[in-house]
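The values are calculated or read from the model by the stated rules, or taken from the named source; none is laboratory data. Quick caveat, the model's predicted, so the values are computed rather than measured. Reconstructed Cβ throughout: ideal geometry from the backbone, glycine too, with neighbour counts over all protein chains shown. The protein model used for the area step is the full one, side chains on, heavy atoms only, and it has no ligands, DNA or RNA in it. Shrake-Rupley method; radii C 1.70, N 1.55, O 1.52, S 1.80 Å.
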Amino acid sequence: MSVFTPAPFPAARPRRLRRTPWVRSLVAEHVLTPSDLIWPLIVHDGDEDRVPVPSMPGVDRLSPKAAAEAAKEAASLGIPAVALFPNIDPSKKDAEASGAVDPDGLIPDCIKAIKDAAPEIGVMTDVALDCFADHGHDGLIENGVIVNDATLDRLAEMAFIHAHAGADMVGPSDMMDGRVAAIRDALEANGFQDVLILSYAAKYASAFYGPYRDAVGSAKALTGDKKTYQMDFANSEEALREVAADLAEGADAVMVKPGLPYLDIVRRIHEAFHVPTFAYQVSGEYAMMRAAAANGWLDEDRAVIETLTAFKRAGCAGVLTYFAPRAARLLGV
Ligand code: PBG
């Protein structure tokens, strides 16, 4: 706490600093720009270029070609990076999530298409097995248990395949113990020492992922919940331990997920570690705002800028948000 005690009224009139637009902009403590945004793209292996996601109005599942167009759009809007999440045909899923390590799979295809279309854009990928597994879990299952160590090899191979296809940044979102070290070793051993790891360090078992699981088609498949690996929302000390572990294992930056209900976690991490800290404004947060706006209950444009600025105020270096292109347009590039 500061030792400064403000002068009492009327010497102090805090409203003086809010009276006009010019003074408000002069004293603004945080500024949101398109360069703070990462745009998550849901990609699919279906025939259509775009298929709307019902629970996420305004979000489409994209073919590799459409993803490349979206990446170009991102570049033109000043959005530095996109993040890819796959919707795989259920007939191609199996218990081992074999598709996750297919070098000719959907994600490598999308990375290449994006790199051809918009080479200046950063491409981030999701490293987790759920979208490729017929059981919808982020890890392999033995005797009904999500097994940790056996999953690590698969995740490391998956990250390698993404890097090999041209990914700039991998995002392990699985919450297995030791995955960052396994991925960092695999990248280092194969000449991909420059690939960034943005780890989903504090990822909570959250109701707010519901629409995403529809979008990627993992909802129907999922048996049980993810509470044996994703974090309990009652905890925050644990988030600091997770971040410390991921940084020690070789993460370059860390993420908190979901976003808005977890700004206290962002703030604590930012203050404790002084590393680039990101948050993910997840599908449920997006869907809530879209639904309220569709009912005329919320001014959506204002709510988008307000929530994204709140992430910056909490200490975020950047935010993953489905609102990225809309926000960039509102910010007037
Ligand atoms: C899991 C993963 C999830 C999201 C991205 N990757 C959540 C989950 O199903 O556990 C959620 C993204 C969102 O809700 O927008 N690998």
Subset of region 265-302 (residues that are of a type in the set (G, A, S) and over 30 Å from V243 (Cβ atoms)): A291, A292, A293, A294, G296
Filter result (assigned to a helix (DSSP H, G or I), over 12 Å from G136 (Cβ atoms) and in contact (Cβ under 8 Å) with a residue 40 or more places away in the chain) within region 90-106: K92, A100, V101, L106
The lone exception for A167 - which of (1) open to solvent by less than 10 Å² (accessible area, probe 1.4 Å); (2) within 15 Å of the ligand (Cβ to nearest atom); (3) part of a loop (DSSP other than H, G, I, E, B) it fails: (2)
Candidate set from region 176-230 (those that are within 8 Å of the ligand (Cβ to nearest atom) and assigned to a helix (DSSP H, G or I)); member that is nearest to G144 (Cα to Cα): R213
Every pair of residues 6+ apart whose Cβ atoms lie under 7 Å, when the first sits in region 299-313 and is in contact (Cβ under 8 Å) with a residue 60 or more places away in the chain while the second is open to solvent by 20 Å² or more (accessible area, probe 1.4 Å) and part of a helix (DSSP H, G or I): I305/L330
Of all residues in region 237-261 being open to solvent by less than 20 Å² (accessible area, probe 1.4 Å) and part of a helix (DSSP H, G or I), the one that is farthest from the ligand (Cβ to nearest atom): V243
Residues being open to solvent by 10 Å² or more (accessible area, probe 1.4 Å), assigned to a loop (DSSP other than H, G, I, E, B) and closer than 23 Å to F278 by Cβ - total across region 52-89: 4
Residue that is farther than 15 Å from P57 by Cβ, within 16 Å of the ligand (Cβ to nearest atom) and in contact with a Pro (Cβ under 8 Å, 6 or more places away or on another chain), where the choices are L320, L331: L320
Every pair of residues 6+ apart whose Cβ atoms lie under 8 Å, when the first sits in region 268-293 and is in a strand (DSSP E or B) while the second is open to solvent by 60 Å² or more (accessible area, probe 1.4 Å): T277/H270; Q281/L260
Test for D49: is it open to solvent by 10 Å² or more (accessible area, probe 1.4 Å), under 18 Å from the mean Cα position of the chain (by Cα) and closer than 30 Å to H137 by Cα: no
Hits in region 235-262 - residues which are hydroxyl-bearing (S, T, Y) and in contact (Cβ under 8 Å) with a residue 40 or more places away in the chain: Y262
Matching residues in region 119-146 - criterion: being touching a strand residue (DSSP E or B) at 6+ places or on another chain (Cβ under 9 Å), assigned to a loop (DSSP other than H, G, I, E, B) and of a type outside the set (A, V, I, L, M, F, W, C): D134, H135, H137, D138, G139
Selection from region 272-285 of residues that are surrounded by 24 or more Cβ atoms within 10 Å (Cβ to Cβ) and more than 7 Å from the ligand (Cβ to nearest atom): T277, F278, A279, Q281
